[in-house]
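Colleague: The structure follows.
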Amino acid sequence: MKLKVYSVDGKESGRTVVFDKDLVGVEPNDHAIWLDVRRIQANRRQGTHKSKERNETAGSRRKLYRQKGTGNARAGDSRSPIRRSGGTFFGPRPRDYGFKVNRKTQRLARRSAVAYKAAGNALRVIEDFDYEQPDTRQLIELLTAMDLGETKVLLLTAGYSPDIYLSGRNVNGITVKNAVDASTLDLVDATIIVLQEGAVEAFQDGLRA
């Protein structure tokens, strides 16, 4: 599969790069994508939620009134969960929501996500570039020249590029990542994937791993 290479001014350079058709020609597996995206989102959860139970709330532990003879329902102390300001019945406790998905399924999920993008003509390649300092305006102008100004873009760089990352950090719809760090969630969430020319091989190696 051949992909056109765009120049740093957003126009076609007349060159192409070869993308391994075995990586984008797989039959997409929606269940694998769902599993891997769910794994990523679950592992991001902090799981620090906590509510107080009856032994953790403030209040006397004395029985409020005698068991019989008052005409009221029998009651224990003021910390009872059925009373106002009492504890919580079966409230949330800190826990780890993470779970594992085997490596082959993760690989299939990434390949399936890329296969969908390739079928929808949503893969682009641009010449390698970098900034001497963060320049949000220049990055926006580049994507606008490629007709991607109003599109959700995932820009994958050839290595760690802090200035490019900072240029797109505060712009809605632009996500900048190192190509080897792109997850299934990143690929699915983007409308268009833009690869730096030098990141193509590393990106393909990540799909094979």
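Colleague: So how far, in whole Å, is the C-alpha centre of the stretch 89-138 from the one of the stretch 146-174?
Modeller: Here the answer is 14 Å between Cα centres.
Colleague: Connecting C-alpha atoms closer than 10 Å in a GNM of the chain, tell me which of K50, K104, K177 has the biggest fluctuation.
Modeller: Most flexible of the set in this elastic network: K50.
Colleague: Check which residues have an amide H placed less than 5 Å from I126's amide H, if you skip close sequence neighbours.
Modeller: Y6, L195, Q196, E197
Colleague: Also, I was wondering about something else. According to a simple spin-label model (label point 7 Å from Cα along Cα-to-Cβ), what is the distance in nm between F89 and Q133?
Modeller: 6.2
Colleague: Just order 110-119, 55-64 by mean Cβ neighbour count inside 10 Å, highest at the front, would you?
Modeller: 110-119, 55-64
Colleague: Can I ask one more? Non-local amide H neighbours of I174 (under 5 Å, H modeled in plane, Pro and chain starts lacking H): which ones?
Modeller: Result for I174 returns V153.
Colleague: Relative to the longest principal axis of the chain, what angle (0 to 90°, nearest 10) does the C-alpha long axis of helix 30-44 take?
Modeller: Taking Cα atoms only, the helix is inclined about 60 degrees.
Colleague: Oh, and also: Calculate, in nm to one decimal, what A73 and A58 gain on full extension: separation in residues at 0.36 nm each, minus their alpha carbon distance.
Modeller: Fully extending the segment from A73 to A58 adds 3.2 nm.
Colleague: In addition: Taking only Cα atoms, what is the 0 to 90° angle, nearest 10, from helix 103-119's long axis to the longest principal axis of the chain?
Modeller: Once rounded, the angle reads 50 degrees.
Colleague: Sticking with this one: Would you please calculate the Kirkwood hydrodynamic radius of the stretch 102-144 over all C-alpha pairs and express it in Å, rounded to one decimal?
Modeller: Answer for the stretch 102-144: a Kirkwood hydrodynamic radius of 13.2 Å.
Colleague: Between T48 and R103, what FRET efficiency comes out of the Förster formula 1/(1 + (r/R0)^6) with R0 = 30 Å and r the beta carbon distance, rounded to 0.05?
Modeller: Given R0 = 30 Å and the Cβ-Cβ separation, E is 0.55.
Colleague: Per 5 Å bin, what is the whole-percent P(r) computed from every C-alpha pair distance within the stretch 70-209?
Modeller: Pair shares across the bins are 2, 9, 15, 17, 13, 9, 6, 4, 4, 4, 5, 5, 4, 3, 2, 1, 0.
Colleague: Put a dot 7 Å past each Cα toward the Cβ at V8 and E201; how far apart are the dots in nm?
Modeller: Between E201 and V8, the simple spin-label model gives 2.1 nm.
No lab work stands behind these numbers, since they all come straight from the coordinates. None of the values given here were measured: they were computed from a predicted structure. Cβ atoms come from the backbone with ideal geometry, glycine included; neighbour counts cover every protein chain shown.
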